[in-house]
2 protein chains.
Amino acid sequence: MAAEVEVVKNKQVLLKDYVTGFPKESDVIISTENTISLKVPENSSGVLVKNLYLSCDPFMRGLMRKPAPNSRTPLPAYKPASPIYGFVVAKVVDSSHPKFKKDDLVWGLAGWEEYSLITETDLLFKIEHTDVPLSYYTGILGLAGITAYGGFYEVCNPKKGEKVFVSAASGAVGQLVGQFAKLTGCYVVGSAGSKEKVDLLKNKFGFDGAFNYKEEHDLDAALKRHFPQGIDIYFENVGGKMLDAVLLNMNMFGRIAVCGMISQYNLDEPEGVKNLMWLIHKRINMRGYSAAEYYPHYTKFLDLVLPHIREKKITYVEDIAEGLESVPAALAGLFSGRNVGKQVIVVARE
Amino acid sequence: MAAEVEVVKNKQVLLKDYVTGFPKESDVIISTENTISLKVPENSSGVLVKNLYLSCDPFMRGLMRKPAPNSRTPLPAYKPASPIYGFVVAKVVDSSHPKFKKDDLVWGLAGWEEYSLITETDLLFKIEHTDVPLSYYTGILGLAGITAYGGFYEVCNPKKGEKVFVSAASGAVGQLVGQFAKLTGCYVVGSAGSKEKVDLLKNKFGFDGAFNYKEEHDLDAALKRHFPQGIDIYFENVGGKMLDAVLLNMNMFGRIAVCGMISQYNLDEPEGVKNLMWLIHKRINMRGYSAAEYYPHYTKFLDLVLPHIREKKITYVEDIAEGLESVPAALAGLFSGRNVGKQVIVVARE
């Protein structure tokens, strides 16, 4: 006789409708309609997890948009009235996948709900080190960490003494890039959107300089003030006007790692970037990349970063919100810059 | 008793005043005021040359502009009422420089006049091979050649079978890039601004496809028609709207060599480029470069290209105008796209 399978209520975060402009709290809704069996179905190969932490990431904005016909994006768009998805830290409840077993801790892509059945396990990593906060696997030890690592070390190829500028510098990725730059012996300046964030950059993350872009009417002048000798490496998180100002201040053979352009995600039409001629004047290399390129380096990345965390040579600031109910405000806040540090949601602590 | 030094009249091309908008014929004037001694002055180290061919190049537009305060461009701007300069092919009349002697043929930067005293010889190359047309050293065997070579082989790192798009494809550089791409086994399509140029691309230079951008109201659609499988390599000569359309059609890990942006040179303010997010979506590498980076490869470049020219595997189309008096029309024509092929001026045939 088959064992009785437990079926439980499964609270979910649904997309209300495709989003235009800045995401509002009302663009996602909490639903209590769903139930889920806590066992992987017999004819399916997958992993059933209980979600513990959710990672609010800027790339999610792109998935809220109505997909253009024939658009071929790497991740599928969210569907209205269906659960949204993103990176999570979770605990395995049941598994028919040989790599994962009950009670394993994992991080990767999953639906934003209390329990998820994950059938595509390519983007599911087993968590081996638990002497650091588990929530770190939504950020410094997860997507944001690999993003910062790949973009800074692999794309920018930094050398000691080089001048590094990071935009959105107190965010999930920026704060790490700045600290990697300091560990490499670079001079590093960051921009952010509030006094609190600027203080964090200077006093907590050890940036050599920082400024509030909202208080600078002339970004070119702000950069010239902080970089009298020019910029060798720009870690690009914002796009638009900041990129235009940076191009005017790059040094010969400068490198720009294009990680994100968050200032553009909520515009109907992106701002035009006008100073691309400086790519030629200064022989600049500008490279768009995705963290996915560096997933194969994940173990190497952990070997680098875990000792720094344990020795407190790298610090990480999280902005933690409690409960699935906090998702609407946290997601909207990510695009208005309300969060200070990595935006994380706790669904359950174990 | 010192030998008598011959002093001759020296016709010159002078900048009338700083140029805004599209260069007009009246922006440069021919002056017959100057005289020159056909000997290098005793207290000077230099090379006195008789100019034979002049090379009209798009970069000259940047030198016609009033320099911004504190601008640090690699080449100094032209001065009103002074001779303009550019690349030339010339014959040495007198030399106090150990590397050059009387009757040597050379190419490099010099004033646009009948005779020039060249004191900065860093950019002066001795011509060793004269079994090919001497005018080729203004183009395929000079700046345009190294520009095409460095940009295509070194910046783009092409592989057999890749899909290559070249803008301004019938110009001095574009026609070579297309032929290099064919020699590499790539599929190559070019854009140009007239039916005559499009015919040249298809029938003379062996491009797989070509289109007249002036007749395409939707550049994105034109590119999708020619590249149903997307573009791997874009050789960028024009900037602006074409770049925006190309970004939408690049393949994963595509490469863009930014050689020039001629569509932007005559605008008061450059057009904004809006689709830079595709750098991230497609993990594109976009690299501005200058031919100067590849001058050290000049001998290697000649070893590659000379046999192809001799065996007629590479062809080169020049648009040759006669006499210094033709400079005003030829220079203005370069920016309205009037020239077909490399724009050359003959000052003297020997």
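Distance to the A-onto-B rotation axis is smallest for one chain A Cβ; residue and value in angstrom are A:G272, 1. Measuring r between the beta carbons of B:L248 and A:H297 and using R0 = 25 Å, the FRET efficiency lands at 0.25.
Per residue, what volume in Å³ does the Cα convex hull of the range A:217-302 take up?
Working: hull volume 11.3 nm³, N = 86.
Each residue corresponds to 131 Å³ of Cα convex hull volume.
Distances between copies at B:V132, taken between label points 7 Å from Cα along the C-beta direction, are 5.6 nm in increasing order. With Cα atoms defining each centre, the range B:99-175 and the range A:112-127 are spaced 57 Å apart in the structure.
Among A:P83, A:P228, A:P328, which one moves the most in a GNM of chain A with springs linking Cα atoms closer than 10 Å? With Cα springs under 10 Å in chain A, the top fluctuation among A:P83, A:P228, A:P328 is at A:P228. Which value in deg cm²/dmol, rounded to the nearest 500, describes the helix-derived mean residue ellipticity at 222 nm for chain A, given -39,500 (n - 2.57) per DSSP H run of n ≥ 4 and division by the residue count? After summing the helix terms and dividing by the residues of chain A, the value is -5500 deg cm²/dmol. Based on protein heavy atoms only, the protein assembly as shown ends up with 43 Å² per residue of surface accessible to a 1.4 Å probe. Cross-link reach is defined here as a Cα-Cα straight distance under 15 Å, omitting same-chain residues fewer than 8 places apart; for A:K91 the aspartates and glutamates meeting it are A:D103, A:D104, A:E113, A:E114, A:E128, A:E350. Between copies, the label points of A:Q229, set 7 Å from Cα on the Cα→Cβ line, lie 4.8 nm apart, reported in increasing order to one decimal in nanometres.
Cα-based values for chain A, radius of gyration first and Dmax second, are 20.8, 77 Å. Note on the range A:143-292: Cα-only Rg and Dmax are 13.8, 40 Å. Of the solvent-accessible surface of chain A, computed with a 1.4 Å probe and all protein chains present, 52% belongs to carbon and sulfur. Scaling the Cα radius of gyration of the range A:21-124 by the globular reference 2.2 N^0.38 Å produces a ratio of 1.14.
Excluding ligands, DNA and RNA and using a 1.4 Å probe, chains A and B jointly bury around 2600 Å² of accessible surface, summed across both partners. Across the range B:66-128, Cα pairs under 8 Å and at least six residues apart give a relative contact order of 28 percent. Relative to one another, the C-alpha centroids of the range A:293-350 and the range B:229-254 are positioned 35 Å apart. Across the protein assembly as shown, the volume of the C-alpha convex hull divided among the residues equals 176 Å³ per residue. Taking 28 Å as the straight-line reach from the Cα of A:K24, the lysines in range (excluding those fewer than 8 positions away in the same chain) are A:K9, A:K11, A:K16, A:K50, A:K66, A:K79, A:K195, A:K197, A:K214, A:K241, A:K342, B:K274.
Within the listed set B:G21, B:G260, B:G139, the Gaussian network model of chain B (springs between alpha-carbon atoms below 10 Å) gives the highest mean-square fluctuation for B:G21.
Spacing of the modelled spin labels on A:D199 and A:R310, each 7 Å from Cα toward Cβ, amounts to 3.4 nm. Between this copy and the others, label points of B:K202 are 6.4 nm apart in ascending order, each placed 7 angstrom from Cα in the Cβ direction. Within the listed set A:E215, A:E114, A:E162, the Gaussian network model of chain A (springs between alpha-carbon atoms below 10 Å) gives the highest mean-square fluctuation for A:E215.
Taking 0.36 nm per residue of separation and subtracting the Cα-Cα distance, what length does fully extending B:L267 through B:D122 add?
Values: separation 145, 0.36 × 145 = 52.20 nm, distance 3.22 nm.
Full extension of this stretch gives 49.0 nm more.
Report, as an integer, the average count of C-beta atoms from other chains found within 10 Å of each Cβ along B:268-275.
Details: counts 0, 2, 7, 4, 10, 7, 7, 3.
Neighbouring Cβ atoms belonging to other protein chains average 5 per residue here.
The values are calculated or read from the model by the stated rules, or taken from the named source; none is laboratory data. Because the structure is predicted, anything quoted here is derived from the model rather than measured. Here the Cβ is made from the backbone with ideal geometry for all residues, glycine too, and neighbour counts use every protein chain on show. Protein only, heavy atoms only, side chains kept; ligands, DNA and RNA dropped before computing areas. Shrake-Rupley method; radii C 1.70, N 1.55, O 1.52, S 1.80 Å.
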